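I have placed the structure first, in the form of structure tokens, so that the comments after it can refer back to it.
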Amino acid sequence: MIKKCLFPVAGYGTRFLPATKAMPKEILPIVNKPLVQYGVEEASEAGIQDFGFVTGRGKRAIEDHFDISYELEHQIAGTGKEEHLKSIRTLINNHHFSFTRQNEMKGLGHAILTGRTLIGDNAFAVILADDFCVAEKNQDGVLAQMVKLYNQFRCSIVAIEEVPIDETHKYGVIAGEPMKDGLYRITDMVEKPPKDKAPSNLAIIGRYILTPDIFDILERTAPGKGGEIQITDALLEQAKSGCVLAYQFKGRRFDCGSIDGFVEATNYVYENVYRKNKK
Ligand code: G1P
């Protein structure tokens, strides 16, 4: 069983400045819900109840979002506006949220290692809230699909999708042996390769299931691309001595770390969720 999900949320969100000067990028709303809440809901649908956040300076709003605002609830009690707080209140009532700080920015691998105290010694999920994922109609979300695979194979799994070959420099990129439809056993992984060095056009997106031995590997992983400790490098080591899978998920991903992806996601949710619910 995957019981915990880690959210590395310490990044600065420089691409959204000045919006992210005093506000965490993870709190930016897609229509009327913060990006990070969609991630928590996706993990909740996958059966996860325990959430760990690796935060940093200026990220207090995330903690406040996943806490009860008694004053606000008191103010709007009886006005009919309580409805707007229902989704977050339900999450708060049924889940557990804990927080730790990454006080130096040393990469995604370092952020995940910082979350070790919140995770312990079990396999866990990681969601990068920037990658906003929507399921196909009436189908499982991306993390739920991955949890099912984990229950079958019991090893680390990364979500992948095909990207245009001239975009490989934005992602971790894998090479793998196909096992069954959409599932590969990883043979190579490179963090943000230029297109002539990319082993394929299969890019890792921000959904991982990691077995806990990844922490010891991360502890000895030297800084890689950009001088940062990369989860991609640690996973390659894990793949060499065991098994790491890559799964071409069903659904759609929006890169909400970019303005274009963020606007596309906003339009998508407005048309397909918000307006439909209003009708
Ligand atoms: C991180 C990972 C990268 C992955 C990407 C997915 O990069 O390092 O391997 O492909 O997330 O969004 P970042 O976008 O944080 O630079």
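Derivation of every value follows stated rules applied to the coordinates shown; laboratory data play no part. Not measured: the values here are computed from a predicted model. No Cβ is skipped: glycine too gets one built from the backbone with ideal geometry, and neighbour counts run over all protein chains shown.
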I need every pair where a residue in the range 55-73 that is farther than 16 Å from residue 34 by Cβ has its Cβ under 6 Å from the Cβ of a residue that is in a loop (DSSP other than H, G, I, E, B), sequence separation at least 6 or different chains. 56/10; 56/102
Does the range 124-137 include one or more residues that are acidic (Asp, Glu), out of contact with any helix residue (DSSP H, G or I) (no Cβ under 9 Å at 6 or more places or on another chain), surrounded by fewer than 23 Cβ atoms within 10 Å (Cβ to Cβ) and in contact (Cβ under 8 Å) with a residue 60 or more places away in the chain? yes
Expected output for the range 101-112 (first residue closer than 22 Å to residue 61 by Cα, partner in a helix (DSSP H, G or I) and away from the ligand (no atom under 11 Å from the Cβ), Cβ below 6 Å, 6+ apart or cross-chain) is 102/114
Wholly inside the range 1-118, helices (runs of 4 or more DSSP H) that include 2 or more residues that are in contact with a strand residue (DSSP E or B) (Cβ under 8 Å, 6 or more places away or on another chain) and either surrounded by 22 or more Cβ atoms within 10 Å (Cβ to Cβ) or of a type in the set (Gly, Ala, Ser) (or both) are 35-45, 108-114
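Residue-wise test of (1) crowded, with 17+ Cβ neighbours inside 10 Å; (2) assigned to a strand (DSSP E or B); (3) within 14 Å of the ligand (Cβ to nearest atom).
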{"residue": "151", "(1), (2), (3)": "no, no, no"}
{"residue": "159", "(1), (2), (3)": "yes, yes, yes"}
{"residue": "166", "(1), (2), (3)": "no, no, no"}
{"residue": "184", "(1), (2), (3)": "yes, yes, no"}
{"residue": "188", "(1), (2), (3)": "no, yes, yes"}
{"residue": "203", "(1), (2), (3)": "yes, yes, yes"}
{"residue": "215", "(1), (2), (3)": "yes, no, no"}
